[in-house]
Amino acid sequence: MNNLILQIDTSTSVCSVALSKNGRTLEVINLDEPNAHAAKLTVLMERLMHEAGCTFSQLSAIAVSMGPGSYTGLRIGVSTAKGLCYGLDIPLVAVNTLETLFWGYREQFGLLDNEVYIPMIDARRMEVYGAIYNDRAELIKDTSAEIINESHYDALLNTYQRIHLFGSGADKFDELFRGMDHIVVHKKFKNSAAFLSELAFNKFRLKQFEDVAYFEPFYLKDFIVTAAKKKVGL
């Protein structure tokens with residue numbers, strides 16, 4: 001069967017849509033500019049389908065990058081995906097954003113023995129949302145929110161030869177880890193809906209669908225607890 005899946009990733013500053021068939025990307029559009037999600041997501045989807053020579057009625061499912069990531073971006077992407085699923089009466093597939101980012105990196109660069117890979121999404125200041133994968137593409141630390149400093153990965157380097165950082169959260173650590181041979185920052189490696197293709201198709205085959213009525217993005221809420229300010233006079 002020609003299982004066509006429309007894929008949406010609005011978890012970062014990149015507004016990205018892709019069309020895949022049986023796990024293979026047919027077309028992709030990536031747009032990285034301010035306010036693109038709200039203003040241009042629908043336009044990009046229509047352009048994508050036109051360039052692919054397909055209609056929305058031919059789609060078998062909608063796949064969306066579920067987070068973590070930008071609160072506003074995720075809300076727009078997921079609500080759009082759910083609306084399409086309702087209107088077309090097709091299933092919704094959701095994939096963890098960090099997993100898709102790792103998958104995209106792996107497809108482009110491959111994996112090296114005894115090295116680990118950390119997809120990152122920018123949060124704020126020195127904070128990121130990240131996960132850790134080994135050289136066998138196994139998840140060894142699940143999605144979490146962390147504050148990164150120069151000694152953050154010392155324990156990990158006791159086990160692995162080198163650490164690779166990539167994604168929207170990695171760029172800001174280029175200076176912090178500059179000169180450290182065992183930590184490599186891959187700058188400007190951005191999210192793309194094309195990274196969802198194989199992962200989304202695998203979930204589609206296994207019928208791992210979301211409940212369209214109740215599904216919500218994986219926002220990964222704020223993780224820093226701050227002390228309440230004292231009120232004057234108390």
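The values are calculated or read from the model by the stated rules, or taken from the named source; none is laboratory data. Worth saying up front: this structure is predicted, and the values here are computed from it rather than measured. Here Cβ is always computed from backbone atoms with ideal geometry, including for glycine, and neighbour counts include all displayed protein chains. In case anyone asks, the SASA skips ligands and DNA or RNA and just uses the protein heavy atoms, side chains included. Shrake-Rupley method; radii C 1.70, N 1.55, O 1.52, S 1.80 Å.
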task = Could you grab me the full set of residues in the range 111-122 that are open to solvent by less than 30 Å² (accessible area, probe 1.4 Å) and either assigned to a helix (DSSP H, G or I) or not acidic (Asp, Glu) (or both)?
result = VAL116, TYR117, ILE118, PRO119, MET120, ILE121
query = Would the range 178-186 turn up any residue that is under 23 Å from GLY77 (Cα atoms), of a type in the set (A, V, I, L, M) and part of a loop (DSSP other than H, G, I, E, B)?
reply = no
task = Would you check which residues across the range 29-39 are open to solvent by less than 60 Å² (accessible area, probe 1.4 Å) and within 27 Å of ASN202 (Cβ to Cβ) and list them?
result = ILE29, LEU31, HIS37
inquiry  = Restricting to the range 166-187, and then to whatever is touching a helix residue (DSSP H, G or I) at 6+ places or on another chain (Cβ under 8 Å) and over 13 Å from GLU150 (Cβ atoms), can you tell me which residue is most open to solvent (accessible area, probe 1.4 Å)?
reply    = LYS187
key: Contacts under 7 angstrom Cβ, first residue in the range 1-13 being on the phi > 0 side of the Ramachandran plot and among the acidic types (Asp, Glu), partner surrounded by 20 or more Cβ atoms within 10 Å (Cβ to Cβ) and in a strand (DSSP E or B), 6 or more apart   = none
ask   = Can you find even one residue in the range 34-42 that is under 27 Å from ILE147 (Cβ atoms) and out of contact with any Cys (no Cβ under 8 Å at 6 or more places or on another chain)?
value = yes
inquiry  = With the requirement that a residue be surrounded by 24 or more Cβ atoms within 10 Å (Cβ to Cβ) and assigned to a loop (DSSP other than H, G, I, E, B), what does the range 65-90 give you?
reply    = MET66, GLY67, PRO68, GLY69
inquiry  = For the range 123-137, check the following and say yes or no: at least one residue is among the acidic types (Asp, Glu), at pLDDT 95 or above and open to solvent by 70 Å² or more (accessible area, probe 1.4 Å).
reply    = no
task = Scan the range 91-104 residue by residue and report those that are over 10 Å from the mean Cα position of the chain (by Cα) and either under 15 Å from SER70 (Cβ atoms) or open to solvent by less than 10 Å² (accessible area, probe 1.4 Å) (or both).
result = LEU92, VAL93, ALA94
Residue that is within 27 Å of TYR219 (Cβ to Cβ) and in contact with an Asp or Glu (Cβ under 6 Å, 6 or more places away or on another chain), where the choices are LEU31, LEU59, LEU19 = LEU19
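Residues to consider are ALA155, ALA145; find the one that is touching an Asp or Glu at 6+ places or on another chain (Cβ under 7 Å) and either open to solvent by 40 Å² or more (accessible area, probe 1.4 Å) or assigned to a strand (DSSP E or B) (or both).
The conditions single out ALA145.
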request  = Restricting attention to the range 20-39, report how many residues are among the charged types (D, E, K, R) and over 20 Å from LEU59 (Cβ atoms).
outcome  = 2
message = Quick check on SER57: is it of a type in the set (S, T, N, Q), closer than 29 Å to LEU206 by Cα and open to solvent by less than 50 Å² (accessible area, probe 1.4 Å)?
response = no
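Taking the range 40-54 as the region of interest, how many residues are touching a strand residue (DSSP E or B) at 6+ places or on another chain (Cβ under 9 Å) and either open to solvent by 70 Å² or more (accessible area, probe 1.4 Å) or among the small types (Gly, Ala, Ser) (or both)?
Residues in the range 40-54 being touching a strand residue (DSSP E or B) at 6+ places or on another chain (Cβ under 9 Å) and either open to solvent by 70 Å² or more (accessible area, probe 1.4 Å) or among the small types (Gly, Ala, Ser) (or both): 4 in total.
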